[in-house]
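The values are calculated or read from the model by the stated rules, or taken from the named source; none is laboratory data. Bear in mind the structure is a predicted one, so any value in this text is a computation, not a measurement. Because the Cβ atoms are built from the backbone with ideal geometry, glycine has one as well, and the counts that use them run over all protein chains shown. The accessibility values were calculated without ligands, DNA or RNA, using every heavy atom of the protein model including side chains. Shrake-Rupley method; radii C 1.70, N 1.55, O 1.52, S 1.80 Å.
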Amino acid sequence: LFGAYEFQSNDTTAYGNPVISKIGAMRSTIFTDGLGPLGFKLALSQPEKAEHDEANDGVNLHSRRFQEHVHQTDKAHKVLDKSILAVNFGKHLEKDLSEMKWGPMIASGVLSNGWAVFASKSFKYPYESRWTMALLGMSLVSCALIWAISTYLTMGFWLSGIQLGCVPLVQLGLGADDMFVLLHTYHLLGEAFIRQHSNAEVISALFKRAGPGVLLTSLCNALAFLVGVFIPLKGLADICLLLLLCVVGNLLFLSTAFLACLCYESHRIRMNKPDLFIACFHTKAIANGTASKPADARTFQDKAQAFLETKLVAFCDAPAVKCVNITLSLVLFALGLLSVIFLLEPGWNPADFVPASNPVQKAFEMTFNFFQTFPAYWYHDHTDFNKYRSEVLEVYDALASTKFTAPNFAPPWFSLAGALMAGLWQFNVPAQIFNQAGTLPKGLIDDDDWTTTTADLGCLPDFAWNHSLMGSLLAPAGLILPEEKAETWWMCYHMIADIPPTPEKALELSSWFVENTGAGAYYDFFHAFGHNYFKWNEKTGAPAWSYMQLWSTKTQTDGDMIKMIEDTDAILEASPFYENTFLYSPLTTFWRAFIGLDKFLWVLIGISLGIIALVTSLMLTSPTAAIMSALISAMIVIDVWGITCAMKPFLKFNPFTVSLCIAAGGLSVEFVAHTIAAFAQGTGSARARLAGAVRDTFIP
């Protein structure tokens, strides 16, 4: 029970003492009874239900009932805030986060498609209307997203909450931008040009003006995301892979199906047909012969185009304005860079993972604000326990003794089994007591000549003991010297770890241990916790897979959690069996992602900018354009990153903000490369080339 008093200083009793207005407290109930012991208990009372699935169903049923009870009492009583994290809440939350949020996605699709078709329509002049083309183009962008996700899932990957929240929106920006550049350039060709030329000539003219920009942006994004696939951080690498597939899908659909749609549009104009989806508004104009826009007619788009080509270009080309623009851009870039350097704070707001309507959000908030003790597990994969008997316990002691860790309330299974063996050895217990049949399980030792049985052993071997650690919780009876024969040593361990054949036999053995050896407590501990902590290798007789539990504690900040991970990593790296072991916790795994995350992002930004500069230089044969393209993209990404750093503690640096920076990098190429490509292809003075670039790219 953890508690703290909060005093209301303005409210006092008659004697002037402050009044306690609130007592904040927290009680933690930790579930420790594993499925194995539950199955064992069911075997005693209800043998027909002594199955793993039955025990698991019982745990989940109890958890749901108790969770409902806590939520109901929390609503009914306002004096205390009550909440609970149910068993397997992480798996349920992960499942919820991995589900597509169809409501926001559909709303986003409706709004984007609605604006696209609205901006492309023309009720007055049917041959200027591109309503159907805009709708088909946005549909093809959606098809590219579906193709990318399908390919991604076919490759054996799965979708995470970050991907579902980030990738569709980035794909909408990447695909829609290229599609509108193509559609706008097609529109600029004009009705007369379309009528007088074949579909092949129209598409050729379209690609001559817009093709380099579309191809440039696609190549830059594809290569940048391809490099990101090799980042040694799986979450970010998976996002980059999915975005790479989206870029490929966009190029595939826009260079094939969308061109077919534009050929249909050319055919419609030549055949004097109305725009398909708004045909009812065009029938009268076509019948009256007023469907073509007169040369002197000016639509809203024409007026906006004229303003951009003349007023905006002239304003931006003024020397004073150019100086101000350059200075302002450099200042913003410097501010963003300083924000990243000095304000970057890695971390999570765990409650933000959970929707506000989910009662678990309150539990998340209370748990991470007031409770800092979480389980951790030290896993071993074929560790040679026989060779490193003392080192294993020494490393466990070091892992559980850092500033932010603590040992488990029960000693590791290695200690429990050793203590029990010491008690049995001390009382010279016959080995036959472990097996009702009087023989050891077959296949324990990978040796055809090894036929030792409990009858051959007679009693436990007379091991030599190292008593230097006697009295320690980790080795209360000392350690068996490693010079002892490993096969015999593990055989004794395996007899202890082997669950008795019947519940009645287990109760009989437990009673016998208490009465005759004094080791009954260790036996109960070992069977309550130890037998779930490892899996035997039936060929060698040694554990193939095992773990020892400890706790992370007093981690009040994100920095504390990261420091705990760094300290434990250093201890494991110094151990002689480092390659066979690792420390795992369902919670610290999320914080481990922050270690080196900023370096990975810097590397990704640097590589992406290098790719942008290289591809732009090769395609446009202009080093100046390449440098400017990379520099402007860098400014956009760094400023977005700096803004997220300046918004702490509401936004912290984590894979979500990294995915935002990746998205900013992809979208920056779309905004920059099209304009630079159009400018580089232009002719005439700098102002004339700038006007042409603005005409071709600013509207879309």
Legend entry - Cα centre as origin, Lys/Arg/Asp/Glu Cβ charges: segment 175-329 dipole, Debye: 280 debye
Legend entry - Among the listed pairs LYS95/LYS652; LYS403/LYS652; LYS322/LYS652, those beyond 31 Å (Cα-Cα): LYS322/LYS652
Legend entry - Distance cut-off 19 Å, percentage of C-alpha pairs in segment 542-597 lying past it: 33 percent
Legend entry - Relative contact order (%) - criterion: Cα under 8 Å, at least six apart; region: segment 191-258: 23 percent
Legend entry - Calculated log₁₀ intensity ratio I(q)/I(0) where the Debye formula runs over C-alpha points of segment 256-408, q = 0.13, 0.20 Å⁻¹: -0.97, -1.27
Inset, instruction - Would you mind calculating the relative contact order of segment 165-280 from Cα pairs under 8 angstrom and at least 6 residues apart, reporting the percent as a whole number? - result: 31 percent
Inset, instruction - Report relative contact order for segment 628-671 in percent, whole number only (criteria: Cα-Cα under 8 Å, sequence separation at least 6). - result: 49 percent
Inset, instruction - With a probe of 1.4 Å, find how much accessible area segment 136-198 has per residue, and write the answer as a whole number in Å². - result: 37 Å²
Legend entry - Sulfur and carbon atoms: percent of accessible area, segment 188-301 [1.4 Å]: 68 percent
Legend entry - Cα gyration tensor, segment 243-322 - rounded (a/c under 1.5), prolate or oblate: oblate
Inset, instruction - Quick one: dipole size for segment 543-638, taken about the Cα centre, charges +1 on Lys/Arg Cβ and -1 on Asp/Glu Cβ, in debye to the nearest 20. - result: 260 debye
Legend entry - segment 586-700 - accessible surface per residue (Å², probe 1.4 Å): 43 Å²
Legend entry - Heavy-atom accessible surface of segment 533-610: percent carbon and sulfur, 1.4 Å: 60 percent
Legend entry - Student exercise, segment 74-230 dipole from Lys, Arg, Asp, Glu Cβ charges, in Debye to nearest 20: 240 debye
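Let me make sure I get this right: for segment 575-663, a, b and c are the square roots of the gyration tensor eigenvalues over alpha carbons, sorted descending. Under 1.5 in a/c it's rounded, otherwise prolate if a/b > b/c, else oblate. Which is it?
Here segment 575-663 falls in the oblate category.
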